[in-house]
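Since the structure comes first, as structure tokens, the remarks are kept for the end.
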Amino acid sequence: MDKDVIIIGGGPSGLSTALHLHRTAPHLTPRILILEKEHYPRFKLCAGGLTVDAETILERLGLDVNEVPHVFADNVRFDFESKGLNIRNTKRHVLRVIRRDEFDHWLAKKAGSRGIEIRQGVTVKDITPTPDEVIVETDQGTYHAQIVVGADGSNGITRRCVFPKAPVYTARALEVITPEYDVVARMVEMRQHRNPDEAISSRIGKIASGKSVPRNEGSAYFEFSPVPKNIAGYIWDFPTQVTGEPMRCWGIYDTNILAYGKRPQLKDTLADEMKRVGFDLNEYEIKGHPIRWFSPENKMSVPRVLFVGDAVGADPIFGEGISIALGYGNLAAREISESIQRNEFSFRRFKRRVVRSALGQTLIARWVIANVIYPLKWRWFQILLWRILKPIVLLVAWVFVLNWGKRMPTP
Ligand SMILES: Cc1cc2nc3c(=O)[nH]c(=O)nc-3n(C[C@H](O)[C@H](O)[C@H](O)COP(=O)(O)OP(=O)(O)OC[C@H]3O[C@@H](n4cnc5c(N)ncnc54)[C@H](O)[C@@H]3O)c2cc1C
């Protein structure tokens, strides 16, 4: 046997599983191996929004996320056609935005400094669970393990080998990085031979037509106007930084819950929204990636193999998956250390453990909410939801969506 525990994938879910195992069962540390196909710092398409729950889980692991380059969104808007709900916390930021190459590299270094072995540049090709071990075939040889953790994301090989025919619920997401509003406004002004400084001082995006849409550079925006067009999701516009330079991260997310209806191209819908604020999508590089989301139907384990992170499912409402991935790691580590103690690897109770946890409860609540707010796609309902039912939406978000990290088991 090469290792007791082989974790396939060194993203937040795999690294969190290893870090929680190190915390709950330190004697297992030398028996853990992470196989990661890329080399850090590696690119990962993601807007990088970290919620309070991600920060809570990292803090409880003794990690200080302030070490990672970041920007704060001081307030977050949930809008339908530019009007809606504003969330602001006077005591702290509402959202921290990191870049995933930097965040994952930092987390991998923390795992390495705690003695966890990560082999980079190793691509797993096949996984075969047997009654006595799991055989892991890679492009650099074969490994044998007591337990394998599938932490290889939405397109992961582990799930495809173990559950080749299981149904998958996958969202589509597109993302672009642009300069900040004032930089674009300045470019527009220069093209129109007006005074560029005036545009900068106004700190708003301006459309070529001269109509302006006020936007605040410290805010993150979620815009739900695509829903009546059968896009069961939203457009985001976050502050971010790339190598220290302030930028905006834009994107569009579609759960595919309304896939039965006729839908416009995601790219065109994003382009229309960006144009309103003065950006021409054609000037930027656009990238896409699926996000597998949580459904109570999703399978989470077979004997000797369990899944974490996107390989099980992210949040269906927003496609938020970093905090969720970190949370799965906590639960998987407990399951693994108890199974090693008992020398019993069926993982029959892993799904029950997840569903009963604070993480499972938020995921189930978010699955229910997504299946209510997106199919009720009419314009009047979206206006009611985001503009009129504000106190109810805030209460539901507070109770069911946020603050679950504190209720997770202490690592
Ligand atoms: C466009 C977009 C925007 C998003 N924005 C946000 C956001 O703002 N906030 C948020 O919380 N979530 C966001 N998400 C979701 C978030 O990125 C994921 O939920 C999160 O990355 C899941 O972590 P993970 O560890 O499960 O998987 P991943 O981060 O995908 O990590 C999987 C790892 O496995 C490795 N791997 C894959 N296959 C193999 C193999 N065969 N062999 C070895 N290694 C392998 C990969 O290289 C990768 O390092 C976004 C996703 C997308 C697509």
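The values are calculated or read from the model by the stated rules, or taken from the named source; none is laboratory data. Please read these numbers as outputs of a predicted model, since none were measured by experiment. Virtual Cβ from ideal backbone geometry, glycine too; neighbours counted across all protein chains shown. Remember, those area values only see protein heavy atoms, side chains included, never the ligands or the DNA or RNA. Shrake-Rupley method; radii C 1.70, N 1.55, O 1.52, S 1.80 Å.
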*Residue in the range 228-246 that is open to solvent by less than 20 Å² (accessible area, probe 1.4 Å), at pLDDT 90 or above and in contact with a His (Cβ under 8 Å, 6 or more places away or on another chain) present*: yes
*Out of the residues in the range 316-349 that are free of Cβ contacts under 8 Å to residues at least 60 places away in the same chain and acidic (Asp, Glu), which is nearest to the ligand (Cβ to nearest atom)?*
Glu335
*Index of the failed condition, Thr29 passing every other in (1) within 24 Å of Ala173 (Cβ to Cβ); (2) touching a helix residue (DSSP H, G or I) at 6+ places or on another chain (Cβ under 6 Å); (3) more than 13 Å from the ligand (Cβ to nearest atom)*: (1)
*Could you name every one of the strands (runs of 3 or more DSSP E) located completely within the range 80-166 that has at least 1 residues being of a type outside the set (Ser, Thr, Tyr) and open to solvent by 20 Å² or more (accessible area, probe 1.4 Å)?*
83-88, 117-120, 124-129, 134-138, 141-150
*Hey, which of the helices (runs of 4 or more DSSP H) in the range 332-386, taking only ones fully inside, have at least 2 residues that are crowded, with 21+ Cβ neighbours inside 10 Å and modelled with pLDDT of 95 or more?*
350-356, 358-373
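Here's the yes/no breakdown for (1) within 25 Å of Gly288 (Cβ to Cβ); (2) touching a Gly at 6+ places or on another chain (Cβ under 8 Å):
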{"position": "Val94", "(1), (2)": "no, no"}
{"position": "Asp104", "(1), (2)": "yes, yes"}
{"position": "Val124", "(1), (2)": "yes, no"}
{"position": "Pro131", "(1), (2)": "no, no"}
{"position": "Gly141", "(1), (2)": "no, no"}
{"position": "Pro164", "(1), (2)": "yes, no"}
{"position": "Pro167", "(1), (2)": "yes, no"}
{"position": "Glu180", "(1), (2)": "yes, no"}
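A quick yes/no check of all residues on (1) surrounded by fewer than 20 Cβ atoms within 10 Å (Cβ to Cβ); (2) within 13 Å of the ligand (Cβ to nearest atom); (3) part of a loop (DSSP other than H, G, I, E, B):
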{"residue": "Gly251", "(1), (2), (3)": "no, yes, no"}
{"residue": "Ile257", "(1), (2), (3)": "no, no, yes"}
{"residue": "Lys262", "(1), (2), (3)": "yes, no, yes"}
{"residue": "Met274", "(1), (2), (3)": "no, no, no"}
{"residue": "Phe279", "(1), (2), (3)": "no, no, yes"}
{"residue": "Asn282", "(1), (2), (3)": "yes, no, no"}
{"residue": "His289", "(1), (2), (3)": "yes, yes, no"}
{"residue": "Arg292", "(1), (2), (3)": "no, yes, no"}
_I'm trying to understand the selection: among the residues of the range 395-411, which are open to solvent by 30 Å² or more (accessible area, probe 1.4 Å), modelled with pLDDT under 95 and either touching a strand residue (DSSP E or B) at 6+ places or on another chain (Cβ under 8 Å) or in a helix (DSSP H, G or I) (or both)?_
Leu395, Val396, Trp398, Val399, Phe400
*Six or more apart or on different chains, Cβ under 6 Å: which pairs go from a residue in the range 33-52 that's farther than 19 Å from Arg96 by Cα to one that's open to solvent by 30 Å² or more (accessible area, probe 1.4 Å) and assigned to a loop (DSSP other than H, G, I, E, B)? Could you list them?*
Lys37/Thr123
_Please go through the range 40-53 and give me each residue that is near the ligand (Cβ under 10 Å from one of its atoms) and either surrounded by fewer than 17 Cβ atoms within 10 Å (Cβ to Cβ) or in a loop (DSSP other than H, G, I, E, B) (or both), ordered by number._
Tyr40, Arg42, Phe43, Lys44, Leu45, Cys46, Ala47, Gly48, Thr51
